[in-house]
Amino acid sequence: MLKGKNIVLGVTGGIAAYKACDIVSRLKKLQANVNVIMTKSAMAFLQPHTLQALSQNPVITELFESPRYWDIEHISLAQKADILLVAPATANIIGKVAHGIADDMLSTTIMASTAKVVFAPAMNTKMYQNVIFQSNIEKLKTLGYSFIPPASGRLACGDIGEGKLAEVDKIIEFILEIAKEKRDLEGKKVLITAGPTMEAIDPVRFITNHSSGKMGYALAEAASKRGADVTLISGPTKLSPPSNVEFVPIKSTLDMYDAVMKHFPHQEVIIKSAAVADYRPQYSAEKKIKKQEGDLTLTLVRNPDILFELGQIKKEKILVGFAAETDHVIEYAKGKILKKNLDFIVANDVTQEGAGFGTDTNIVYLIDKNDNITKIDRSSKLEIAHHILDKVKQLF
């Protein structure tokens, strides 16, 4: 059943658009709340009134039409969606999303949503097999988007081959599988650190690193959705914290140390994904340091090693570290497991394309204290977050 699930159905232009009626009807019978967005091309094949009657909700067709409610509809739909299904999905909409184009209601909603997005492609065989289109699919898959493969058979254009919209039964089965949320961390208390730290030189200058916080925020989002009580301690980022988490903003490593130690006693799992500074200026000037002749020498002193200190007092708690390396990734990561008394570590080579700081994807190794190593090839950071939490769950 899909009772209580909010599903946004995007319908794009193609002869298979008529099957959206059956999809909406089936979703409603499973007690889902369904909102439909139609592109202009879709309306050449199907009238909005039909889907409005079936969904029992207004059908959205224009980005800038007069609002029915006092909110911005592409944002409100994006926020409330549990699943965003595009069926049929044309090469056009898939290409738009793959290249960050948001110029109509559907593409804008997809870009604004953190919900699971599922495409059910339908098009001419040659279009489907086109190398550019296939590269768009592969790109989106690495970013966490899902695809329901088309069926093969006689197409509306007369060609025979793959490109038919998948059978409605298969589409519904796919949605039902996604909707089975894992709640395997229900009530578990999880502390996650994220982002960089900033070490002040003077009131206008500081030392920091390239961490965007995306991995830590993905972990917080995934853990919250799996039922955990999440505390997210984060250095300065451009990200909005996930809903339903306790958010603790900090700036310096010393700030993070204090916040972590304050919250540590009440936690069952600690995941230290933040990129904290190992050193800070010995003195931070109260006023801006003026430029003078010659060089400026800064004396740096060691910051506390938060992960090491947690390892000394963790007892039965689960402690997970991160190792962002540029060489000898496995060797250095194993050394940290022993030195810092970790249950396992997430290691990556930040020089690899599609991995490291600032990217939406990552390539990591999960290494535990028994020398078990699991490599996760290039995947979205949210997918990797779930792999990490799966391993955490095994340790309970």
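Suppose we filter the stretch 134-181 for residues that are aromatic (Phe, Trp, Tyr), touching a residue at least 40 places away in the same chain (Cβ under 8 Å) and either under 22 Å from residue 218 (Cα atoms) or surrounded by fewer than 18 Cβ atoms within 10 Å (Cβ to Cβ) (or both); how many remain? Residues that pass the stated criteria total 1. Here is a check on your reading of the model: is residue 54 within 23 Å of residue 166 (Cβ to Cβ), at pLDDT below 95 and of a type outside the set (Phe, Trp, Tyr)? No. Restricting 235, 227, 213 to those that are on the phi > 0 side of the Ramachandran plot and surrounded by 19 or more Cβ atoms within 10 Å (Cβ to Cβ) reduces the list to 213.
Looking at the stretch 282-396, what strands (runs of 3 or more DSSP E) fall wholly within it and have at least 2 residues that are surrounded by 18 or more Cβ atoms within 10 Å (Cβ to Cβ), of a type in the set (S, T, N, Q) and within 25 Å of the chain's Cα centre (by Cα)? Before you say what the answer is, go through the steps one by one.
Numbers: elements: 300-302, 318-325, 344-349, 361-368, 373-380.
Correct list: 361-368, 373-380.
With respect to (1) modelled with pLDDT of 95 or more; (2) farther than 27 Å from residue 366 by Cβ; (3) surrounded by fewer than 17 Cβ atoms within 10 Å (Cβ to Cβ), the lone exception for residue 246 is condition (2). For the stretch 13-32, the set of residues classified as modelled with pLDDT of 95 or more and under 18 Å from residue 116 (Cα atoms) consists of 23, 24, 27, listed by residue number. Do you know which of the residues in the stretch 358-375 that are touching a Leu at 6+ places or on another chain (Cβ under 7 Å) and of a type in the set (Ser, Thr, Tyr) is modelled with the highest pLDDT? Per the criteria, the residue is 374.
The values are calculated or read from the model by the stated rules, or taken from the named source; none is laboratory data. Note that the structure is a prediction, hence the values are computed from the model and not measured. No Cβ is skipped: glycine too gets one built from the backbone with ideal geometry, and neighbour counts run over all protein chains shown.
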